[in-house]
Amino acid sequence: NYNSGPIGPNMCTYTAFHPTFGDLMGTVTDEGDAPLDNVEIQAWRQPDEGDLVYISSEFTDEDGAYMFDTVLLQGMYTLYAFKPGYQQVTEVDVEIVSEDTTVVDFQLPMETEQVQFYGIVRSADTPATPVVGVTVSVPVLGVWDVTNGTGQFDFGDQFVGTYGVEISYNPPGSNGYH
C-alpha cells in the first residue's frame, strides 16, 4: 500500500505501509487436561464487513501444541479446533497484534453422539444409476468401503462431525483413466 501526495510540479512523495504480522500459539487438551495431538486449528479473519475469510490451518503436535508463525496479519480472527471424536470448539474475537504472540488454549470435550454414516454413489451422467465398485473413504477416521450392487457404502456408527470424503473409481477396462 502506498500513500502519495504532490510536492511540486511532476513530483510526489510516497509512504510505504508494510503489512504487520503477529504469531498465534497455544495448546489443546481433553477434559482431563491430557494433550491432544493432530487437532486441526483453523484461523479465519474477521473483516470489518462481510463473511469470515479462511487464512490458514495448523495441527497440534504430540504435546498438544500448535503455532501460526508470522502468517497472520494484525486484526481480529475466529478460530476453530477440530478432532474426530471430540466436539468442535470455536473462539471468536481473537486479536492478533503486530509483532506479538497471542496465546489461545483449547479444551475439547468428547463427542458422545454417534450416527449411522452411509450413502449411495450415483452416476453424474444418469443420476438414477448407482455406481458399483467405487472405493469411498474418510482418511481421518481410517474407514473405507466399496459400493455394493445398489451403489451403497456403509461406515457404521461414527461420531457426529464434518469429514472430508474421498472417492476413487477405476471402471473395468479404463486402465485408471475415466
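The values are calculated or read from the model by the stated rules, or taken from the named source; none is laboratory data. Note that this is a predicted model, so its numbers are computed, not measured. Cβ placement follows ideal geometry from the backbone for every residue including glycine, while neighbour counts extend to all protein chains displayed. Just so you know, the surface numbers come from the protein's heavy atoms only, side chains and all, with ligands and any DNA or RNA stripped out. Shrake-Rupley method; radii C 1.70, N 1.55, O 1.52, S 1.80 Å.
With modelled with pLDDT of 90 or more, among the hydrophobic types (A, V, I, L, M, F, W, C) and within 21 Å of the chain's Cα centre (by Cα) as the only criterion, which of F117, F159, F153 stands out?
The conditions single out F117.
So, in the range 28-51, how many residues would count as being surrounded by 15 or more Cβ atoms within 10 Å (Cβ to Cβ) and in contact with a Phe, Trp or Tyr (Cβ under 9 Å, 6 or more places away or on another chain)?
Residues flagged as surrounded by 15 or more Cβ atoms within 10 Å (Cβ to Cβ) and in contact with a Phe, Trp or Tyr (Cβ under 9 Å, 6 or more places away or on another chain) within the range 28-51 amount to 12.
Grab the strands (runs of 3 or more DSSP E) fully contained in the range 105-161, keeping just those with 2 or more residues being farther than 30 Å from M25 by Cα, open to solvent by 40 Å² or more (accessible area, probe 1.4 Å) and charged (D, E, K, R).
Per the criteria, 152-159.
For the range 16-27, give me each residue that is open to solvent by 70 Å² or more (accessible area, probe 1.4 Å) and modelled with pLDDT under 90.
Residues satisfying the conditions are F17, H18, P19, F21.
Inspect the range 56-75 for any residue being among the polar types (S, T, N, Q), modelled with pLDDT of 95 or more and part of a strand (DSSP E or B) and give the result as yes or no.
no
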